[in-house]
């Protein structure tokens, strides 16, 4: 896949997304607090990662289809990670939080104290 499709190019290298961090996120999601019985997908998107999962609660998709859970976006200018959740009623991504480290963004996603990700 070329750099234009995968994300920003930094010094000839693609910063994000990359396969190493995609796998890191995938492994880390196994320690989430809610909906542990489904296996989320982590897909590369421009400058970040999309997390999607089957809807087990029926709150969003009564048929249990694949739904968007979160987007983790890397901002190269500020060297921060921005976490977004999906407002399924409006069909829009909403900003949730900003983190200096990818692990902090994943921790927020895994604990989901406001129950906005794993619905």
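A short reminder: the numbers here are calculations on the coordinates, not readings from a lab. Just so it is clear, the structure is predicted and the values come from calculations on it, not from any experiment. Note: ideal-geometry Cβ built from the backbone for every residue, glycine included; neighbour counts use all protein chains shown.
Between the beta carbons of residue 37 and residue 77, assuming R0 = 25 Å, the FRET efficiency works out to 0.05 to the nearest 0.05.
Anisotropy class assigned to the stretch 24-119 is prolate, per the alpha carbon gyration tensor with a/c at or over the 1.5 cut-off and a/b larger than b/c.
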